[in-house]
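Below is one structure; the comments refer to it alone.
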Amino acid sequence: MMNDLRTMTLLGWLENDCLLNVEKCEPASNDASFRRYFRVKIDGQNFIAMDAPPDKEDIVPFMQIANLFKQANVNTPTLLQHNLEDGFILLEDFGSQWLLDELSDENATQLYNRALTALLPLATNENLLNADLPHYDETLLRREMALFAEWFVEQLLDDELPQALWENVQKILIQSALEQPVVCVHRDYHSRNLMVLPNGELGVLDFQDAVLGALTYDAVSLLRDCYIDWSDEKIEHWLRDYFQQLQAENVVECDFTQFKRWFDLMGMQRHLKVCGIFSRLHLRDEKSEYLKSIPRTLNYLLHVCGAYSEFHEFQEILTRLKAKNNG
């Protein structure tokens, strides 16, 4: 049992307000936010209790999007009890088998195809497409990329970006994002937020930041994952299969070359943001384990810059920053 004040309050809520018999409580996973998750055993069954301090996290979007996703047949945990005042939720337990831990050369195609197929409702379900969600607009895209300049380049490396060049890179990436078909975007759809369930299906976690935005965002989060990487050949094969599914659902009208460019440039926007977030987690939040994922993220950026001539100058800057980060 944990004995800090919030955990004791959580247990008190479960036992005294929900009238549940809690036999065991232990940390279930680490999170990059202020949320904490506990696995609680109640009458012989496991559940997940989420602790989201109300002064730092709002559980209402989590609950709203969980219900939206459920109605669209996205496999999210069932919400069983909630406490808005204290920021507690009791959830179905999807177990502890992350997709990341299950992936191998032998099963990757099967598992990634399953994960990409699970994204289709986000692109096709009318209730999700018309939901009252924030839009992934220019303001939000810029705010995210600013994390790279502030936290990775300036704070972590004590360096700076050439302003005119940086502004041009952002403009190109924003234009590419905004010209894509608009879908519901999970926004953190990767191997540490997908669980492999005992029946072989995938369970979807960490969906509370969903927005309406670019079609390729979740696919690039999954296939160019910050925690595991694959060959270009495999990624293109999986992406083509997904593209064909989107064509069959009349979600896209462009050719694959255009779709791949959208995918590549969306990945740049995401990986710039993620470099900044990983740096901030280290510098501000003392969560330094994310630093080890920065080199992979930089490699993705360098790889895409090398494929498109308009980013060659930025590639030179990134190469220097990568060397400084390694040093």
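The values are calculated or read from the model by the stated rules, or taken from the named source; none is laboratory data. Small disclaimer: the values here were computed from a predicted structure and weren't measured. For neighbour counting, all protein chains shown are included, and Cβ atoms are generated from backbone atoms with ideal geometry for every residue, glycine included.
Restricting the search to region 46-79, which residues are free of Cβ contacts under 8 Å to residues at least 12 places away in the same chain, surrounded by fewer than 13 Cβ atoms within 10 Å (Cβ to Cβ) and either among the polar types (S, T, N, Q) or closer than 24 Å to E126 by Cβ (or both)?
Scanning region 46-79 gives no hits.
Output the residue which, of all residues in region 256-292 that are among the hydroxyl-bearing types (S, T, Y) and either at pLDDT below 95 or in a loop (DSSP other than H, G, I, E, B) (or both), is farthest from R143 (Cα to Cα).
Filtering region 256-292 for residues among the hydroxyl-bearing types (S, T, Y) gives 257, 279, 288, 290.
So of that shortlist, the ones also either at pLDDT below 95 or in a loop (DSSP other than H, G, I, E, B) (or both) come out as 288, 290.
Details: S288: 23, Y290: 21 Å.
Only one residue fits best here, namely S288.
Scan region 119-159 for residues that are in contact with a strand residue (DSSP E or B) (Cβ under 6 Å, 6 or more places away or on another chain) and surrounded by 17 or more Cβ atoms within 10 Å (Cβ to Cβ) and report the count.
Number satisfying all stated conditions: 5.
Regarding F94, is this residue within 30 Å of C226 (Cα to Cα), in contact (Cβ under 8 Å) with a residue 60 or more places away in the chain and surrounded by 17 or more Cβ atoms within 10 Å (Cβ to Cβ)?
It is true that F94 is within 30 Å of C226 (Cα to Cα), in contact (Cβ under 8 Å) with a residue 60 or more places away in the chain and surrounded by 17 or more Cβ atoms within 10 Å (Cβ to Cβ).
Report whether or not L173 is in contact (Cβ under 8 Å) with a residue 60 or more places away in the chain, assigned by TED's automatic domain parsing to the domain that holds H282 and within 21 Å of Q315 (Cα to Cα).
Answer is yes for this residue.
Take the conditions polar (S, T, N, Q), surrounded by fewer than 14 Cβ atoms within 10 Å (Cβ to Cβ) and under 18 Å from the mean Cα position of the chain (by Cα) and apply them to S104. Does it pass?
No: the conditions fail for S104.
Considering N193, N199, which residue is free of Cβ contacts under 8 Å to residues at least 12 places away in the same chain, over 19 Å from K260 (Cα atoms) and in the same structural domain as L291 (by TED's automatic domain parsing)?
After ruling out the rest, the residue left standing is N199.
Just to be sure, is E154 under 30 Å from H312 (Cβ atoms) and assigned by TED's automatic domain parsing to the domain that holds C226?
yes
Using the structure shown, decide if V182 is surrounded by fewer than 21 Cβ atoms within 10 Å (Cβ to Cβ) and modelled with pLDDT of 95 or more.
Considered against the rule, which asks whether it is surrounded by fewer than 21 Cβ atoms within 10 Å (Cβ to Cβ) and modelled with pLDDT of 95 or more, V182 comes out as yes.
Check L91, L116, L80, L122 and return the single one that is at pLDDT 95 or above, under 19 Å from V196 (Cβ atoms) and touching an Asp or Glu at 6+ places or on another chain (Cβ under 8 Å).
When all the criteria are applied, what remains is L116.
Test each condition in (1) over 24 Å from N193 (Cα atoms); (2) at pLDDT below 85; (3) not small (G, A, S) for N21 and report the one that comes out false.
N21 satisfies every listed condition except (2).
Of everything in region 198-212 that's touching a helix residue (DSSP H, G or I) at 6+ places or on another chain (Cβ under 7 Å) and farther than 17 Å from W98 by Cβ, which residue is modelled with the lowest pLDDT?
So the residue we want is Q208.
Taking the stated definitions as given, is R280 in contact with a Leu (Cβ under 9 Å, 6 or more places away or on another chain) and either surrounded by fewer than 14 Cβ atoms within 10 Å (Cβ to Cβ) or of a type in the set (K, R) (or both)?
yes
Being of a type in the set (F, W, Y) and farther than 17 Å from H190 by Cβ, is that true of even one residue in region 97-105?
no
State the number of residues belonging to region 102-129 that are more than 17 Å from N250 (Cα to Cα) and of a type in the set (S, T, Y).
3
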